[in-house]
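Some notes on the structure that comes next.
Since every read-out is calculated from the coordinates, none of them should be taken as a lab result. Because the structure is a prediction, the values reported are computed rather than measured. Cβ atoms come from the backbone with ideal geometry, glycine included; neighbour counts cover every protein chain shown.
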Amino acid sequence: MRIVLLGPPGAGKGTQATRIVDEVRVPHLSTGDMLRAAALADTEFGSEVRQTMASGQLVSDQVIVAAVMERISLPDARRGFVLDGFPRTMSQAVTFDDHLDRQGMTLDHVIELRADEEILLDRIMTRAQQARETGSAARADDNRDTLKVRLDAYNELTAPLIEYYRERSLLRSIDGLQAVDDVTADLLKVIGSGSSVA
Ligand code: AMP
């Protein structure tokens, strides 16, 4: 099962991906997590990734496409994957489609988690606050100014993918602002897995 989760920052893609991989038993591939790991390296590349992420901008299509292609070629992704955070630009989506096509693969579902921007801002500020309270490190990009840049990047570069996948009859939309369990139940209905299948 090959699934892409789309949605603005803070819509719950990471949380939901973690929950649905337990059901569909394929790896959760988060490009944000991949890049956060790359950003730890004490190299020029690591430093570039760190700066780009901290600014809220997107890293280059070339870098992320190469990383995702390599990751999905590993044996554990043979049965599929839940992609969270990729594709994020039209160029990434088209290159990804071509790649899957060449491998004789298709996506099964692209699921958009819809969410209102004001509420997202509150959610992300709460996530940062909770991280501080529990002593874990808050994400460097979870602050008001950077979030604005991340939301602008989403609206300008990623939101057009909703139409792209709708035209390919792959898109389903879910209200991402429901209770976490309800979002998961809706997701499992869409992908036809688990006890909540209608
Ligand atoms: P996320 O954890 O998905 O919110 O991603 C955090 C940051 O990683 C983003 O703000 C971007 O800087 C970078 N990033 C993650 N995925 C991508 C992608 N597909 N293309 C470009 N940049 C990305």
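Tabulated data for the structure shown
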| read-out | value |
| --- | --- |
| Rough spin-label spacing in nm, given labels placed 7 Å along Cα→Cβ, for residue 178 and residue 105 | 2.9 nm |
| Hydrodynamic radius (Kirkwood) for the range 122-198, which is based on Cα pairs only, to one decimal in Å | 15.2 Å |
| FRET efficiency estimate (nearest 0.05) - Cβ-Cβ, residue 136 to residue 156, R0 25 angstrom | 0.20 |
| The range 97-167, Rg to Rh (Cα coordinates; Rh as Kirkwood inverse mean 1/r) | 1.12 |
| Net charge dipole size for the range 26-165 [Lys, Arg +1 and Asp, Glu -1 on Cβ; Debye, nearest 20] | 360 debye |
| Cα→Cβ-extended label distance, 7 Å offset, between residue 149 and residue 169, nm | 4.2 nm |
| Axial C-alpha extent at least 20 Å, average Kyte-Doolittle at least -1.0 - helices from the chain (DSSP) | 117-133 |
| 19 Å cut-off, amide nitrogen to a point 7 angstrom out along residue 41 Cα→Cβ, residues in the range 81-123 | none |
| Rg followed by Dmax, in Å, when the range 1-85 is reduced to its Cα trace | 13.4, 39 |
| Mean Cα-pair separation over length for the chain, i.e. relative contact order, pairs under 8 Å, 6 or more apart, % | 32 percent |
| Cα shape, the range 1-149, gyration tensor, a/c 1.5 rule | prolate |
| Label-to-label distance, nm, for residues given as residue 66 and residue 22 (7 Å Cα→Cβ offset) | 3.7 nm |
| Computed [θ] at 222 nm, deg cm²/dmol, the chain (DSSP H ≥ 4; -39,500 (n - 2.57); rounded to nearest 500) | -16000 deg cm²/dmol |
